[in-house]
Amino acid sequence: MSDILLETRNLTRRFDVSAPWLNRKLEGKEKAYVKAVTDVSFSVRRGETFALVGESGSGKSTIARMIVGLLEPTAGDITFDGRSLVEGLRGREARRLRRRFQMIFQDPLASLNPRWRVTDIVAEPLRVFERRQGDRARRARVGELLTLVGLSPEDGAKFPHQFSGGQRQRIAIARALAARPDFIVCDEPTSALDVSVQAQILNLMKDLQAEFGLTYVFISHNLQVVRHMANQIGVLYLGRLAEVNDAEALFANPRHPYTRMLLEAVPDIEMTGRPRKRVEGEIPSPIDPPPGCPFHPRCPLANERCRVEVPPLLDGVACHAVHEGRA
Amino acid sequence: MADPILSVRDLTVEFPTRHGILTALSGVSFDIMPGEVLGVVGESGAGKSMTGSAVIGLIDRPGRIAKGEIHLQGERIDNLPEERMRGVRGKRIGMIFQDPLTSLNPLYRISEQIVETIRTHLPLSKEAARAKAVGLLDRVGIPDAARRIDDYPHQFSGGMRQRVVIALALCAEPDLVIADEPTTALDVSVQAQIIDVMKELCAETGAAIMLITHDMGVIAETADRVAVMYAGRIAEIGPVRAVIKDAKHPYSAGLMGAIPRMSADLERLVQIPGAMPRLSAIPPGCPFNPRCPHVFDRCLTHRPAASEIEPGRRVACWLYPGVQEA
């Protein structure tokens, strides 16, 4: 059995944001695309957490949606346990693979049907994937799942609006676990929660990972949360990977100028009084990204080459300055 | 010692409903000194935004201030007629809200909005007001301010819009700025810039800041003192370093432990069981007692008031001697 559970190769996704055909013809406009994700390659090891961090517009949610099959890649490939998810996956095999992964979304209220009782919500994957299971067995399994995430089996009779935000996220986790997946994509699972509730959910996710050997792809904009959860981290900027490294190494020794800037920007809660460098600029629009390295307009190390040539991801970092030994 | 800019005493805000009276704030007292940054932290529903709204007299109906007093530079403002209060808001108290798009009118150019605000509060000609506005936009870090001032709000990015809102809040040279989650809608790299700008400008003009946020990191970077709120009450208030390094109230201690750190490699975060009670179901005694790891008999029956346990430090917890009953 290979060590790698999920791998993406040159994953790319464009969105067509062109004006309607007639307007294009009359006004002489070109077709326009948002390059949400470009050439992203990474691999996720079995039983570990791979985190994708980035600011808004960096393409992290688009990658999550492509992995679980909610969006089709424009180019590139995703392999899960050695099987391509992009090509030639249909019928029974697709079903068998699909039940092995699940997704948890940011806003539990939007991802839980408000008209369904919690039992029905949590049992839905069971109805889809374990059709032969009887009603009683299914209900027993739902009770088990609710207990597992820290709710009580009696909560199954209630509706989502009767729960707090943290409890709703627990319901979403119970539903994700129902089909016994081994891989879960978590898209900002705690961003909508208060810190004390966030701590509860993060602890729960870690416990479940240890108990069931789950593999997570964890998407977040919060570096502290990522530091706490991840084994490996990929830093995204304008749809491209800027740097990939083990979590420890990335925080101890950030190499890409963007990673360094991000770490600088995190508020210093320890109050060590470390001096802060001033962060410059904002993320440009992905419709019209700068040529060359996407980070060059904000980069203190940019030179002529950075302005024209896109740096490849070599040895875990995509930066000409690092490759040339200037950083 | 100088007189405080803002002084809030025993503030209690109630909402009469069909099911009885809900107490949104209870016995909230604090001072803000000239030039000081007071952080107000808490989780959703703790009453931090309500405190800000009460100070500027913008509590939504049917809510009302049932008890307590608010003084701005010695003058009582919680009972001012709406007419006079409008002269206080914007002129003497500037406001910055979380979502810059809701504070800016999308149909007017930035220049019109700032010039109008300046001229409402200061006796300046149109030209002078515009020159002042350009200067302000330049100060908050908007590149090419003289040209950008005639753009509409949608032509700015989120971070730039928040800079405009800061300029707008400071244009009448207020003595106090109330910033309610000013950086929550922004990305981390932009957030740091906005905090820097806000701090610098207030230091320059001598304005005091009441900084309302759920983000302890922002408080640590910015505030001089911090008030931790829980269920409509102040759980703890004191110098920011003391509260962060050595929290006295079990809730603030739990809150600090719940934050994932960049440096420490903890396997598990400190966990406060349960969630904040709803306003309709605040338990008797200390409101934190169902979640508290140190709870004892007295907590279940007697409600503690935020009382001084060290100079400059007030805590509402029966663990400490000298704490009064509310």
Lys, Arg +1 and Asp, Glu -1 on Cβ, resulting dipole of the protein assembly as shown about Cα centre, debye, nearest 20
1900 debye
Please report the net charge: other residues with Cβ closer than 9 Å to the Cβ of A:Pro181, K and R +1, D and E -1.
+2
Using amide H atoms built 1.01 Å from N in the peptide plane, name the residues 5+ places from A:Leu85, or on other chains, whose amide H lies under 5 Å from its own.
A:Ile78, A:Thr79, A:Phe80
Can you list the trypsin sites (Lys or Arg not before Pro) in the stretch B:1-85 that are in a DSSP coil and have 15 or fewer other beta carbons within 10 angstrom?
B:Arg18
Within 10 Å of each candidate Cβ there may be at most 12 other Cβ atoms; applying that plus a DSSP loop requirement, which trypsin sites (Lys or Arg not before Pro) in the stretch B:224-303 survive?
B:Arg268, B:Arg278
Check the straight Cα-Cα distances from A:Lys35 and name the lysines below 28 Å, setting aside those fewer than 8 residues away within the same chain.
A:Lys25, A:Lys60
Cα to Cα, under 17 Å, and not fewer than 8 places away if on the same chain: which lysines meet these conditions relative to A:Lys31?
none
Could you derive backbone 3J(HN,Hα) for the stretch B:91-96 from the dihedral phi with the Karplus parameters 6.51, -1.76 and 1.60 (θ = phi - 60°), listing whole Hz in sequence and x where the residue is Gly or Pro?
7, 9, 10, x, 10, 10
Rounded to whole Hz, the Karplus (6.51, -1.76, 1.60) HN-Hα couplings of the stretch B:49-56, x for glycine and proline
5, 4, 4, x, 4, 5, 5, 8
Two-site FRET efficiency, B:Ala203 against A:Ala157, from Cβ-Cβ distance with R₀ of 35 Å, rounded to 0.05:
0.05
With 10 angstrom as the radius, rank B:Arg148, A:Arg83 by how many other C-beta atoms surround their C-beta, starting from the fewest.
A:Arg83, B:Arg148
Kirkwood-Stokes translational diffusion coefficient of the protein assembly as shown, alpha-carbon pairs, 10 °C, 1.306 mPa s, µm²/s
59 µm²/s
Which whole-number percent gives the relative contact order of chain B, counting Cα pairs below 8 Å spaced six or more residues apart?
20 percent
Taking neighbour counts of Cβ atoms within 10 Å as a proxy for exposure, in what order, fewest first, do B:Leu255, B:Leu319 appear?
B:Leu319, B:Leu255
Two-decimal Rg to Rh for the stretch A:1-115 - Kirkwood Rh, Cα set:
1.05
In Å, the Kirkwood estimate of hydrodynamic radius for chain A over Cα pairs equals 21.5 Å
Residue by residue through B:271-281, how many Cβ atoms from other chains fall within 10 Å of the Cβ on average?
3
Counting sequence-distant residues (5 or more places) and residues on other chains, those with an amide H built under 5 Å from that of A:Phe183 are A:Gln102, A:Thr215
Sparse-neighbour loop sites [chymotrypsin sites (Phe, Trp or Tyr not before Pro); the stretch B:228-326; at most 13 other C-beta within 10 Å; DSSP]
B:Phe296
Sum of -39500 (n - 2.57) over DSSP H runs of 4+, divided by residues of chain A (222 nm, nearest 500):
-10000 deg cm²/dmol
What is the fewest-to-most order of A:Phe129, A:Phe50, A:Phe163 by other Cβ atoms lying within 10 Å of their Cβ?
A:Phe129, A:Phe163, A:Phe50
In the stretch B:6-230, lysine pairs 8 or more places apart or on different chains with C-alpha atoms under 30 Å apart total 9
Find which of B:His19, B:Thr183, B:Gly52 sits farthest along the positive direction of the dipole of the stretch B:6-230, computed with +1 on the beta-carbon of Lys and Arg, -1 on that of Asp and Glu, about the Cα centre.
B:His19
Note on the stretch B:177-288: C-alpha Rg/Rh, Kirkwood Rh, two decimals, gives 0.99
Computed, not fitted: 222 nm per-residue ellipticity of chain B from DSSP H runs ≥ 4 (each -39500 (n - 2.57)), nearest 500, equal to -9000 deg cm²/dmol
Under 26 Å Cα-Cα from A:Lys29, which lysines qualify once same-chain neighbours fewer than 8 residues away are excluded?
none
To the nearest whole percent, what portion of all C-alpha pairs in chain B is separated by more than 37 angstrom?
20 percent
Farthest toward positive dipole pole in the stretch B:6-230 [+1 Lys/Arg, -1 Asp/Glu at C-beta], among B:Leu201, B:Val218, B:Ala129:
B:Ala129
Number of partner chain Cβ atoms within 10 Å, mean per residue of A:283-290
1
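Read-outs: derived from the displayed coordinates by stated rules, not from any lab. Since we're looking at a predicted model, the values are computed, not measured. Cβ sites come from the backbone with ideal geometry, for glycine too, and all protein chains shown count toward neighbours.
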